[in-house]
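Notes follow the structure.
The values are calculated or read from the model by the stated rules, or taken from the named source; none is laboratory data. This structure is a prediction, so every number in the text was calculated from the model and none was measured. Glycine also receives a Cβ, built like all others from the backbone with ideal geometry; neighbour counts cover every protein chain displayed.
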Amino acid sequence: MTSPTPAQLGFRMPAEWEPHEATWIAWPYNHEDWPGKFAPTPWVYSEIVRVLSRHEKSVVVVVADGAMKRAAAKVLEKAGVNLERVRFFKAATDRVWLRDSGPTFVVRDGAPSGVEGEPAGPVAMVNWKFNAWAKYDNYHEDRRLGRRIAEETGLHRWAPRVEIDGAPRRVVLEGGSIDVNGRGTLLTTEECLLSDVQERNPGLDRAGYERVFAENLGVSNVVWLGRGVHGDDTHGHVDDIARFVDARTVVAVVEPNVDDPNHEPLQDNLRRLREARDQDGEPLRVVELPMPAPVTFEGDVLPASYANFYIADGVVIVPTFNDPNDRVALNTLAELFPGRSIVGIHCVDLVLGLGTLHCLSQQQPAEPTGG
């Protein structure tokens, strides 16, 4: 018999603004990810942890071993972090982008259904297969991370599979490729999931992905955008272009300069969002976010985007780039999150690693009230 899916047991992927039990990050150590600019990176992380630890119940910092734990704790202490709000979890990683290598946490709002073998608790994990964005070879520690987090937390872990060409295969998916409103609607991009470039799941089509989202995340409505931002190493992650900020409102980045390579694809995404509907058939409210001026290093354009913010309990941390549009982005998000502090984190150095705040974080939701 086929085991029941998370959705059949009442589980769903909650919105990022729903209450958290913890935020997970991994301490940076790989100098090759920030070639020539690694030195500032631990200090950027210390500022992230300092801000988050003032609001979250716990910040879990993944470290490879005791030596890395001691080094990280020393930096965090110097930066004024309250280490009583920080937990260290020992697990090797290849890179620090836990949004993609970590699991997707799901919650159940009601009581257990009584099905044999179902999770006892209201929080569980969907552990996608990770293959380093179908681009890199060194991901063997990262692909084990979901199992290790399940062992640490004691949470039930699903490892979704689909049948392609008559054979069952683990589903490859990164957290940065999806964004949800917690009510049944999900944003993603055709460039990331349907292109034959950096193809995650050869043979899995649009309808197949929508079944995966329905069965594992409780999603009934998928809004497909087109392309991601120029310089995006992931080939189209949605968390650099459009994000839910409440159940009906999406922020979308735009580039007014018609000569900029981001102009046309971002206008196309904006059009799609304005034509889209939520799970109840209602139109979305779409709010525009600017793009910073192109951030480059040694001639390469980096994926700098204000949409890569992270929503934590009581605070939203937003990447900033020493750009006049920093203020516009922060003010826009402040209006959209009146109950949270809006804190800018300087990311000109961090983005050389080809990601910023949302890419490096993963929220563990709290148990739903009454769950």
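Are any of the residues in the range 213-226 part of a loop (DSSP other than H, G, I, E, B) and more than 30 Å from Ala329 (Cα to Cα)? Reasoning before the result, please.
If we filter the range 213-226 for residues that are part of a loop (DSSP other than H, G, I, E, B), which is where we start, we get 218-220, 226.
Pick out the ones that are also more than 30 Å from Ala329 (Cα to Cα) and you get 218, 220.
Yes, some residue in the range 213-226 is part of a loop (DSSP other than H, G, I, E, B) and more than 30 Å from Ala329 (Cα to Cα).
Conditions (1) surrounded by fewer than 21 Cβ atoms within 10 Å (Cβ to Cβ); (2) touching a Phe, Trp or Tyr at 6+ places or on another chain (Cβ under 9 Å), marked per residue:
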residue	(1), (2)
Asn138	yes, no
Arg143	yes, yes
Gly208	yes, no
Val238	no, no
Phe244	no, yes
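Does Val115 count as among the β-branched types (Val, Ile, Thr), modelled with pLDDT under 95 and farther than 21 Å from Ala366 by Cβ? If you could, list the steps in order and put the result at the bottom.
On the way: among the β-branched types (Val, Ile, Thr): yes; modelled with pLDDT under 95: yes; farther than 21 Å from Ala366 by Cβ: yes.
Yes: the conditions hold for Val115.
Return yes when Thr234 is modelled with pLDDT of 95 or more, among the hydroxyl-bearing types (Ser, Thr, Tyr) and under 28 Å from Ala132 (Cα atoms) and no when it is not. Show your work before the answer.
Numbers: modelled with pLDDT of 95 or more: yes; among the hydroxyl-bearing types (Ser, Thr, Tyr): yes; under 28 Å from Ala132 (Cα atoms): yes.
Yes.
Would you mind stating whether Arg169 is of a type outside the set (Phe, Trp, Tyr) and part of a loop (DSSP other than H, G, I, E, B)? I'd like the intermediate steps shown before the answer.
Details: of a type outside the set (Phe, Trp, Tyr): yes; part of a loop (DSSP other than H, G, I, E, B): no.
No: the conditions fail for Arg169.
Do you know which of the residues in the range 254-275 that are within 22 Å of the chain's Cα centre (by Cα) and aliphatic (A, V, I, L, M) is surrounded by the most Cβ atoms within 10 Å (Cβ to Cβ)?
Taking the range 254-275 as the starting set, the residues that turn out to be within 22 Å of the chain's Cα centre (by Cα) are 254, 262, 265-266, 269-270, 272-273.
If we keep only those that are aliphatic (A, V, I, L, M) as well, we get 254, 266, 270, 273.
On the way: Val254: 16, Leu266: 27, Leu270: 19, Leu273: 21.
That would be Leu266.
When the range 160-193 is examined, which residues are found to be touching a residue at least 24 places away in the same chain (Cβ under 8 Å), among the small types (Gly, Ala, Ser) and either out of contact with any helix residue (DSSP H, G or I) (no Cβ under 8 Å at 6 or more places or on another chain) or over 30 Å from Gly226 (Cα atoms) (or both)?
Gly182, Gly184
Which condition number does Val219 fail, the rest of (1) surrounded by 20 or more Cβ atoms within 10 Å (Cβ to Cβ); (2) more than 18 Å from the chain's Cα centre (by Cα) being met?
Here Val219 clears every test but (2).
For (1) buried (at least 21 other Cβ atoms within 10 Å of the Cβ); (2) modelled with pLDDT under 95; (3) out of contact with any strand residue (DSSP E or B) (no Cβ under 9 Å at 6 or more places or on another chain); (4) not polar (S, T, N, Q), each residue gets a yes or a no:
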residue	(1), (2), (3), (4)
Glu163	no, yes, no, yes
Glu174	yes, no, yes, yes
Asn181	yes, no, no, no
Phe213	yes, no, no, yes
Gly226	no, no, no, yes
Val229	yes, no, no, yes
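Quick test for you: out of Arg108, Arg87, pick the one residue that is under 20 Å from Gln362 (Cα atoms), surrounded by fewer than 18 Cβ atoms within 10 Å (Cβ to Cβ) and over 19 Å from the mean Cα position of the chain (by Cα).
Answer to the selection: Arg87.
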